[in-house]
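The values are calculated or read from the model by the stated rules, or taken from the named source; none is laboratory data. Since this is a predicted model, take the numbers as computed values, not measurements. A quick note on method: Cβ atoms are made from the backbone with ideal geometry, for glycine too, and the neighbour counts reach across all protein chains shown. The accessibility values were calculated without ligands, DNA or RNA, using every heavy atom of the protein model including side chains. Shrake-Rupley method; radii C 1.70, N 1.55, O 1.52, S 1.80 Å.
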Amino acid sequence: MEALAELRVVTDAVTYGELTTLRRRLWADEENAYRWSGQYLPPAPEERHEIEAEFEAAVRRAVSAGGPLGRWCAQLREEIAPAMSLSRLLARNPNLDYPVISPNVAAWRVLARFGGVFEVAQGWAAVPDLSTAIATTRESVAALSHGIASPAEAMAAQGFSMSDEELVSWLWFSGYRASPAELHQPRRALHRAYERISPGRRTIRGPTATDSTAELLTRTGKPLHLDEILGGLERRYSRGPLYNRLNADDRFIRVAPSTFALAAWNIEPHAVPAGSSTDNAIRLIQTAGRALHLDEIRARLEKPITREGLRNALNATGKLIRVAPSTYDIRRSG
């Protein structure tokens with residue numbers, strides 16, 4: 001792809017020492033990003049800022065040069081605006097997940113963190129940024145009081161093109177709650193996602209992570225993957241500790257890999273054989289009888305693992321072969 005080739009002209013010039021500095025922003029949405037890269041950072045903040053500024057300027061020059069990269073970015077901005085789930089964006093544009101800095105820096109990270117093409121946070125991509133997309137959402141909700149449109153119609157009028165499930169999640173992310181049925185019913189307003197607490201009831205500490213998860217599952221009425229739970233909670237929690245808390249709490253059962261339901265629903269618990277992430281990935285591909293994308297494998301794994309960690313593990317084994325961007329199959333002998 002010519003656009004990626006243009007981007008690689010910039011990224012191929014990045015040295016390992018510079019990459020350890022750039023990782024702070026490239027993985028800004030990943031937990032512990034500062035912790036695992038901090039030991040390699042240059043000692044002077046001025047040097048870090050200079051490296052980041054020079055790389056950002058180089059990426060933005062390449063994007064604005066008017067070549068294939070610039071045209072591709074313009075198409076991406078038009079497709080995303082005003083907001084789109086990151087998973088959907090990567091599914092529709094697999095080249096965004098192509099590593100442009102060895103071993104695992106995907107193109108979307110460079111374009112989002114340093115190119116100013118779009119903004120990414122908490123599983124959402126937005127143009128020009130998330131604050132503008134949220135403001136547009138609030139304008140759409142406010143407009144409901146002046147007509148007889150449904151929330152889905154009001155959002156579509158502002159350019160939002162999402163499935164019902166995505167729209168419910170986006171509204172929650174923006175501070176509102178609505179069920180899939182309510183999306184298509186004429187309404188004058190939407191409920192706020194976060195109820196106000198009177199001063200008399202306000203406490204120093206809010207509800208626990210497991211209490212909030214139980215409330216989220218009750219409101220949703222269906223099992224949720226751990227990533228969906230993290231995206232639906234008001235506060236931000238670490239993925240691993242929350243996973244362990246839910247497993248230890250009798251109110252919850254695991255009904256699929258990293259997917260939880262309320263025990264009161266009496267759903268059959270899920271059980272899979274133990275093993276490493278690589279062994280389980282091989283087992284999943286053999287069961288499916290076809291190549292699987294990295295996100296498909298990660299969603300079905302029993303134990304939580306970061307996306308980049310799983311990618312590194314799959315790339316390191318000689319039992320798998322990459323047949324397409326972030327897509328793996330069993331390596332056949334001969």
How many residues does region 76-94 hold that are in contact with a helix residue (DSSP H, G or I) (Cβ under 6 Å, 6 or more places away or on another chain) and in a helix (DSSP H, G or I)? 1
Would it be correct to say that Arg71 is over 26 Å from Arg24 (Cβ atoms), open to solvent by 20 Å² or more (accessible area, probe 1.4 Å), touching a residue at least 40 places away in the same chain (Cβ under 8 Å) and part of a helix (DSSP H, G or I)? yes
Mind counting the residues in region 79-112 that are touching a residue at least 40 places away in the same chain (Cβ under 8 Å), charged (D, E, K, R) and surrounded by fewer than 20 Cβ atoms within 10 Å (Cβ to Cβ)? 1
Please state which of the following conditions Ala313 fails to meet, knowing it meets all the rest: (1) open to solvent by 40 Å² or more (accessible area, probe 1.4 Å); (2) more than 20 Å from Asn95 (Cβ to Cβ); (3) part of a helix (DSSP H, G or I); (4) modelled with pLDDT under 85. (1)
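Among Pro199, Pro269, Pro207, Pro186, which is open to solvent by 70 Å² or more (accessible area, probe 1.4 Å), part of a loop (DSSP other than H, G, I, E, B) and at pLDDT 85 or above?
Pro186
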Residues satisfying the stated conditions in region 155-172, i.e. within 19 Å of Thr218 (Cβ to Cβ), open to solvent by 40 Å² or more (accessible area, probe 1.4 Å) and in contact (Cβ under 8 Å) with a residue 40 or more places away in the chain: Ser169
Qualifying position, being within 24 Å of Leu76 (Cβ to Cβ), of a type in the set (Val, Ile, Thr), open to solvent by 20 Å² or more (accessible area, probe 1.4 Å) and in contact (Cβ under 8 Å) with a residue 12 or more places away in the chain, among Thr137, Thr132: Thr132
Region 6-61: number of residues that are in contact with a Gly (Cβ under 9 Å, 6 or more places away or on another chain), within 17 Å of Leu111 (Cα to Cα) and modelled with pLDDT under 90: 3
Of all residues in region 281-310, which are farther than 25 Å from Ile101 by Cβ, in a helix (DSSP H, G or I) and not charged (D, E, K, R)? Ile282, Leu284, Ile285, Gln286, Thr287, Ala288, Ala299
